[in-house]
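Read the structure below first, then the notes.
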Amino acid sequence: MSIKVENLTYIYDEGMPFEHRALDDVSFEIQDRDFVGLIGHTGSGKSTLIQHLNGLMKPSSGKIYINGFDITQKDQNLTDIRKRVGIVFQYAEYQLFEETVAKDIAFGPQNLDEAEVDRRVRKAMADVGLDYDHFSGKSPFELSGGQKRRVAIAGVIAMEPEVLILDEPTAGLDPGGRDEIFDLIRSLHANNNMTVILSSHSMDDMAKLVNTLMVMNKGRLEIMGSPREVFKENADRLRGMGLNIPQVLELAIKLKRAGYDVRTDVITIEEVKAELERCLLKKGGSKNA
Ligand code: ADP
Ligand code: MG
């Protein structure tokens, strides 16, 4: 599904002495099946934006269209949109409450017939890498943090959403757990024909993962494009927003400053390696000349 946001502004406690503009005139379009990373420092407005995308929050002003349908119109039924745009909230595992993993995952699609619910639970568990026979009868409370988070993600997948949004899905996990969740999200996007949006404040991870990056700062959408477009020419600007840039790019910029003729639009280890080899060969060559 495509998403179009026009001039979205959201003000918490509007009209009160401490009102706060959490989203400020944000406009963008996301194409069907894109893989999008929402990046920004804590407080930049990521969670507020995410909650607008399935109508949980209503804009102070502006419009949101899902597949061309305006979800910000007054008094409309958003049940259908909420099924089609699934959100995995930050620390979603704290909301697990059923006695077994299978029951928890079945909670969303519970109104469907039994066979369909069972099919969806099995598929969702396979999608998040949890073995059905081993885990379905366990209590969510017996699981590790990373496993619980998988169950929470499976609960949203079981709704078979067309847009899957994950708010800081790796928050609080160790580096191993983080990589597992990123791999999982990558395969969900590759295998399920979904538009996927995830938020994070780790640039390094997102640069390697997504097709499109959206950079938020103080409620504004500052930069949007492919990771390469975003990092190119914007390193200082991103640092100014309190965001780190990919380490490989940092290295390339340092080498450039030290007089090496390297490209500064590299975002993967492979690219920086190729650039280094090219430069060193060139240097070696020029010494001999
Ligand atoms: P992020 O997810 O990027 O950390 P949020 O969307 O949670 O950012 O918050 C954006 C801004 O809105 C922050 O300054 C935050 O303090 C403020 N904010 C968030 N939730 C509330 C709330 N319920 N009431 C008042 N201000 C809020
Ligand atoms: Mg947040």
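When SER202 is tested against the conditions (1) within 16 Å of ligand 1 (Cβ to nearest atom); (2) open to solvent by 20 Å² or more (accessible area, probe 1.4 Å); (3) more than 14 Å from the chain's Cα centre (by Cα), the lone failure is (3).
Is it true that LEU112 is within 26 Å of ASP80 (Cβ to Cβ) and touching a Lys or Arg at 6+ places or on another chain (Cβ under 7 Å)?
Details: within 26 Å of ASP80 (Cβ to Cβ): yes; touching a Lys or Arg at 6+ places or on another chain (Cβ under 7 Å): no.
No.
All conditions but one from (1) more than 16 Å from ligand 2 (Cβ to nearest atom); (2) within 18 Å of LEU198 (Cβ to Cβ); (3) among the aliphatic types (A, V, I, L, M) apply to ILE50; the one that does not is (1). Reported count of residues in the stretch 182-213, each being within 16 Å of ligand 2 (Cβ to nearest atom) and in a strand (DSSP E or B), is 4. In the stretch 1-71, counting only strands (runs of 3 or more DSSP E) that sit wholly within it, none holds 3 or more residues that are open to solvent by less than 80 Å² (accessible area, probe 1.4 Å), touching a residue at least 12 places away in the same chain (Cβ under 8 Å) and among the basic types (Lys, Arg). The condition of being assigned to a helix (DSSP H, G or I), in contact (Cβ under 8 Å) with a residue 24 or more places away in the chain and out of contact with any strand residue (DSSP E or B) (no Cβ under 8 Å at 6 or more places or on another chain) holds for only one of ALA171, ALA154, that being ALA154. Within the stretch 235-270, restricting attention to residues that are assigned to a helix (DSSP H, G or I) and of a type in the set (Gly, Ala, Ser), which residue is surrounded by the fewest Cβ atoms within 10 Å (Cβ to Cβ)? Taking the candidates together, the pick is GLY240.
The condition of being among the basic types (Lys, Arg), surrounded by fewer than 22 Cβ atoms within 10 Å (Cβ to Cβ) and within 16 Å of ligand 2 (Cβ to nearest atom) holds for only one of LYS138, LYS218, LYS123, that being LYS218.
The values are calculated or read from the model by the stated rules, or taken from the named source; none is laboratory data. Keep in mind that what you see is a predicted model, and the values were worked out from it rather than measured. Positions of Cβ are backbone-derived with ideal geometry, glycine not excepted, and every protein chain shown enters the neighbour counts. Quick note on the areas: whole protein, heavy atoms, side chains included, nothing else; ligands and nucleic acids left out. Shrake-Rupley method; radii C 1.70, N 1.55, O 1.52, S 1.80 Å.
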